[in-house]
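Data block below; observations after.
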Amino acid sequence: EAKGAKVVEEAMKIVSKAIPSAKLITAGSSGKWLDREGMKRTFAESDLVLVPSLYLDAFPRIVLEAMAIGIPVVGTCFGGAPEAIVDGVTGCVVNPFNIKEMAEKIISLLENPPKCREFGLAARERIETNFNLDDRIDKLVKIYEGLS
């Protein structure tokens, strides 16, 4: 419930009316549990990724994983997703209690493949620029060196 399964269910009712061919794949404990290879295949088939958390999900790794392979994310305003997603640039940040808005953002991306690709490319660039592991390690080492 806290991961937003019911919210997505309601949003997909709206999406399906606008785009009957839209397909939702649910991965995780509320849906099908996928191993790493399964996630890779699922990402390859996906136009976008939804992260509909209703609670303060500190920093959902799925957001970074999707963005790193160039898939835009529709995430919620709760928790850490907005730290990675740039609304209207790399994906969309929505209030999960506004189901209509969530559905509209999903529809907007699915109906506009060039926009979806543009967001995906921007997402990939954002990950490379702002969430590069080597850069993060260097910053952390400098912090530790400053403490001694």
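List the lysines whose Cα lies under 27 Å from the Cα of K40, skipping any in the same chain that are fewer than 8 positions away.
Here the lysines satisfying the reach criterion relative to K40 are K3, K6, K13, K23, K32, K105, K115.
Long-range amide H contacts for L34: which residues qualify at under 5 Å (H placed 1.01 Å from N, peptide plane, sequence gap of 5 or more or a different chain)?
Sorted by chain and number, the residues that satisfy this are G28.
Could you identify which residue out of A18, A103, A81 has the top mean-square fluctuation in a GNM of the chain using Cα springs shorter than 10 Å?
The residue that fluctuates most here is A18.
Per 0.36 nm of contour for each residue apart, how much would the distance between A5 and A18 grow if the chain were fully extended, relative to their Cα-Cα spacing?
Details: separation 13, 0.36 × 13 = 4.68 nm, distance 2.01 nm.
This chain segment gains 2.7 nm when fully extended.
What number comes out for accessible area per residue over the chain if the probe is 1.4 Å? Units Å², please.
Numbers: 9070 Å² over 148 residues.
I get 61 Å² per residue for the chain.
Please work out the FRET efficiency for the pair R41 and S148, using the Cβ-Cβ distance as r and a Förster radius of 41 Å; give the result to the nearest 0.05.
Numbers: r = 46 Å, r/R0 = 1.13.
After rounding, the FRET efficiency stands at 0.30.
Quick check: pseudo-label points 7 Å beyond the Cα along Cα→Cβ at W33 and I69, how many nm apart are they?
According to this spin-label approximation, the distance is 2.0 nm.
Taking all protein chains in place and a 1.4 Å probe, what share, in percent, of the accessible surface of the chain do carbon and sulfur account for? Numbers along the way, then the final one.
Working: 4970 of 9070 Å².
Of the solvent-accessible surface of the chain, carbon and sulfur hold 55 percent.
Taking a ≥ b ≥ c as the square roots of the Cα gyration tensor eigenvalues, with a/c under 1.5 meaning rounded and otherwise prolate when a/b beats b/c, else oblate, which class fits the chain?
Details: a/c = 1.88, a/b = 1.71, b/c = 1.10.
Verdict is prolate for the chain.
Would you pull out the residues with amide H under 5 Å of L50's amide H, same chain only if 5 or more places away, H placed 1.01 Å from N?
When sequence neighbours closer than 5 places are left aside, the close amide H contacts are V74.
Please check the chain for the longest run free of GluC sites (Glu not before Pro) that are loop-located per DSSP (anything but H, G, I, E, B) and have at most 15 other Cβ atoms within 10 Å.
On the way: sites that count: E1, E111.
The reported range is 2-110.
The values are calculated or read from the model by the stated rules, or taken from the named source; none is laboratory data. Model, not experiment: these values are computed from the prediction. Heads up, the Cβs are rebuilt from the backbone with ideal geometry, glycines too, and the neighbour counts pull from every protein chain shown. All accessible areas refer to the heavy atoms of the entire protein, side chains included, with ligands and DNA or RNA removed. Shrake-Rupley method; radii C 1.70, N 1.55, O 1.52, S 1.80 Å.
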